[in-house]
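Quick notes on the structure that follows.
Values in this text are rule-based calculations from the coordinates and carry no lab data. Small disclaimer: the values here were computed from a predicted structure and weren't measured. Note that each Cβ is placed from the backbone with ideal geometry, even for glycine, and that neighbours are counted across all protein chains shown.
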Amino acid sequence: MLNNPDISSEEDLVKSTGAEYLRLMVTDHMGPRSEDIDLFVAMERALPEQGRVHIHCGVGQGRTGIFIAMHDMLKNAHHVSFHDLIERQLVFNPGRALDFNKDVTHEG
C-alpha cells in the first residue's frame, strides 16, 4: 500500500532471513582500510565450513572484486597457488579490481 509502504534497510532485510550482516564502507577506487580487512577476515574465519557470503558494491567490479579475491584466498590458498587464484579472479572479473598497475591503497 502506498500510504504505508513496507520499507526495510538492507541490514534489516538480511537479518530477517537469519543471516549475518557485515557492512564495510570502502571508498570507490581505493583499497580497503586495514580495519576493514581485519573485520572481513574475522567474518570469514567465523563462517561455518559450508558457509556462503554475498558481496556487492555499487558497480560490482572494483570493491567487490577485491573482497571476492580475498574470500577465494582465505578459502582456497591451502590447495590453489596464488598465481592460479589471481588468474581465476581475472577471468571472473577482468575489470580494474586486480589491476596491479593502479594505486588502490587507502591513502590514494
- Return the total of residues in the range 42-67 being in a helix (DSSP H, G or I), within 21 Å of T17 (Cβ to Cβ) and within 8 Å of the chain's Cα centre (by Cα). 2
- Hey, can you tell me all the residues within the range 68-94 that are surrounded by 15 or more Cβ atoms within 10 Å (Cβ to Cβ) and either in contact (Cβ under 8 Å) with a residue 40 or more places away in the chain or among the polar types (S, T, N, Q) (or both)? Q89, N93
- Query: If a residue has to be assigned to a loop (DSSP other than H, G, I, E, B), farther than 16 Å from C57 by Cβ and of a type outside the set (S, T, N, Q) to count, how many in the range 8-41 make the cut?
  - Reply: 3
